[in-house]
Amino acid sequence: MEQPKLASRLLSMNAGSPGGRAMFFRTIQWRLIFILFLITFVLMTVIWVFMTYRVERSFFYETFQGQIARNYDSLGILETDTAAKLRERLSTDPVITGLISGEDKSFTMIDKEKGVILYSSDPVYQDAELQDQFLPAIIRSVNLISVMEGKSEGINPTHTRTRIAGLGDFYDYVRYQPLQDQNVILFFKYSREQALNVLNDFNGMILFSIVIALVAALGIGLAMSRTITRPITDIMHKAESITAGEFGQLLEVRSMDEIGKLTSTFNFMSTRLKSMLTEIAAEKSKVETVINHMTDGVLAFDRNGLAIHVNHSAASLLGPLTERRSPSGGTRGNRLSVKRERFSDKPLRFDELMPALGIATTLAFFLRPEDVLPKPVTVPLADRFLRLQFATFSDEEGRRGGVIIVLQDITEEHRLENMRREFVANVSHELRTPLTSVKSYTETLLDGAMEDRETTVRFLKVINDETDRMVRLVKDLLLLSQHDSGMKLTLSPVDPEELVRVCLERLRHAADEKNQCLTMQRADDLPSPLIVQGDRDRLEQLFLNIVGNAVKYTPAGGTVRVELALRNSQLAILVHDTGIGIPEQDLERIFERFYRVDKARSRQMGGTGLGLAIAKEIAMMHGGDIRAQSRMNEGSVITITLPLSPSGDQASG
C-alpha cells in the first residue's frame, strides 16, 4: 500500500497542489468560480465599509459638529463674559439650545485649570448615583484630552466607548472658551444610539445586497467554468486513478490535439512509474526515518533559498518563530510560521529565516565556489539557545545545490555554564568583601595602631567578625555542595512540633533582646502525635534558618508567630512576622543562591545570602516545598510544607 500512496503524493506535487489543500482548489472550474466569488466579495465589502464610514462620519458627526460650531460662533461669546452668563446663553438661547439639549444631546462646562465640572445638562450627571462616574467617562474622549492639553478645539470624529448605564457610546465636540472669571472647556455630547440604529438598517440592506451579488457570481462562475473544464473532465478522472496507484490502466487516446498528447504522456508515465517507485519508496522511507527521528533539527534549502526539507526536530526548535497574527490581520514582529518545509502559504526561505534568527549571512555566501564555511553560530531563541552548523551540497552537474543547516539545542549546556559563572562571581564577591576588611584592618594595626589598646581590640573584633562570616559562608557552600552531589538523609520519625519548640527556645534570647513576641500555634485538626519521616538535623537547620530570618528582619517590638496547620493532607508550617517585608518582584528570587533583597542590610546583619537557598534544598529533599508571601512594611509569611508520615495519619484516625 506504500507504493500507491507515494505515487499519489509525487503526482500531486507535480501538479502543484499540496495534499492538504481543499478539493475545489484542485480544479480549474472551482478556481475560476472562487476567483470571481472572491472579487465580488472584496469589492462589495470595500464598498460596504467605505459607505458605512462615510455615513457615520459625514451624516452624523460632521453635521453635529458643524452645526454646533457655526451656531456657537453666532452667539458672540466674549472673553469678558462670565461662566454664569455662558451657561445661561447655552441653556436658553434658541440659536443653539436645540442642538445641544434633548434626550440624546447635552453640554458640559469644565474648569480647565481645576479639571472639575462646573455644570452639565447630561441626565447621567444629574443622577446623583451616577454623577461621580460621569467625569471619568467623558475624560476618555480624545477631543477632550487634546483641548485640555492646549488645543483650542477638538474635532476628532471617533466616538468614545463607555459602559455606564444611561451614557453609552457617544460623539463629542470640544472647544476652549476663555472667560473673565475662569477658563472653560465646553464639552458637547451626542449619543451614538440613533446613529447605530440607522447604521444597522443600512448594514442590513448592504449585507442582503452582498448575498445576492455572491449568489449571482456563483451562478455566472459555474456557467463560465463548465465551458472550459468539460473537455478535460474525462481525462481528469483517469489521471486520478493513476495517482491512486492503478498504473496498469491505460487511457484511451481519442484525438491528437493537446488533450490527446496529454493522454499519451500519462500512459507513458504509468508504465515508467511502476518500475521506479518500488526502489524510490524503499530509499525514501529509510532516509526519512533517519532524518525525522534525529534529535537535532535538519533544514535543507535549494540554491534559490527555498526549503526542501524540515524535519520534526527543526520544526519544534523553531516553534518560537511561529507567526502571530494580530487582531487586524497583520503580523507582529519579525516572526515566521514554520510547518514542515512551508510557512504561512509561502515556502520557507533562507533569506527570511536568517534575519529572524539574528544571523547576518546570505545564501550567496554559501553558493560561492570556495570551500569556506562559517563556524558554528549560537543564537538565543525565546528561552532556548541553538547552535547552527552549516554545510553545502552539490547537484548532478557539480554546482552548489543548496545549504543544509543542523540545529542543536544547547540550552541546558548554556544554562549550566551561566550557573557556573554566576556561582564563581558570587563566591568571589562574597569573599572579597570580608577579606578586604580583614586586610585593611590588619594593615592599619601593622602601621602602628597596635599601640592604642582600645583601637586594637576594636579592630581585632571586626577581624574576628569578618572571619566568622567567611567561616559561615564556607560552611554554607560545603552544605550546598553536599546537597548538589546527592547528600543522603538519615531518615527517622521526627515530631516537627517538638522540633519547632526547640528551635524557638534557641532563638528566644535573640527575640527577647529585641523585645519581640515569639509564639507557636497549633491547628486543632492536626493529627496527634505529629510525625514526619526526615533528617532531624537538617529539619532543625531548616526551621532555624526560616524563624531566625524572621527574628533578624523584624524590628524591635514586633511579633514572630509559627503556625502548624494541615494543608492538602500535608503539614504546613507558617512563619508569620511583622518585619520589613519583601518587594513583590523579589519574591520569586529570594530562594536563589546569594540573592539578597537589600544587600547592604543583609551583610550588616551577618547574612551570607545562602540561608533561604539551603532551606529550599532541605524542604525539597524531604518531599516538601517552601513559598513566600509578603507585603512591604507589613510583614511576611513563609510556608513550609512537609508530607506527614503514615503513622501520623493513622494516629489521627
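The values are calculated or read from the model by the stated rules, or taken from the named source; none is laboratory data. Being a predicted model, the structure only gives us computed values, none of them experimental. Please note: Cβ atoms are built from the backbone with ideal geometry, for glycine as well, and neighbour counts cover all protein chains shown. SASA here: full protein model, heavy atoms, side chains in, ligands and nucleic acids out. Shrake-Rupley method; radii C 1.70, N 1.55, O 1.52, S 1.80 Å.
Before moving on, here are some points about what is shown:
- Scanning residues 5 or more positions from H309 or on other chains, those with amide H under 5 Å from its amide H are A300, with H placed 1.01 Å from N in the peptide plane.
- Counting protein heavy atoms only, region 24-158 has 61 percent of its accessible area on carbon and sulfur, 1.4 angstrom probe.
- Per-residue ³J(HN,Hα) for region 192-205, Karplus 6.51 cos²θ - 1.76 cosθ + 1.60, θ = phi - 60°, Hz, x for Gly and Pro: 8, 4, 5, 5, 5, 4, 5, 5, 5, 4, 5, 5, x, 5
- Ranked packing of 179-190, 517-528, most packed first, by mean Cβ within 10 Å: 179-190, 517-528
- Measuring with a 1.4 angstrom probe and ignoring ligands and nucleic acids, M224 comes out at about 120 Å² accessible.
- Karplus (6.51, -1.76, 1.60) ³J(HN,Hα), θ = phi - 60°, over region 491-501, in Hz, Gly and Pro reported as x: 7, 7, x, 10, 8, x, 5, 5, 5, 5, 4
- Ordered from largest to smallest accessible area (heavy atoms of protein chains, 1.4 Å probe), the residues R31, R469 come out as R31, R469.
- The string of couplings for region 111-116 from the Karplus curve (6.51, -1.76, 1.60, θ = phi - 60°) is 6, 5, 5, 8, x, 10 Hz, one whole number per residue in order, with x for Gly and Pro.
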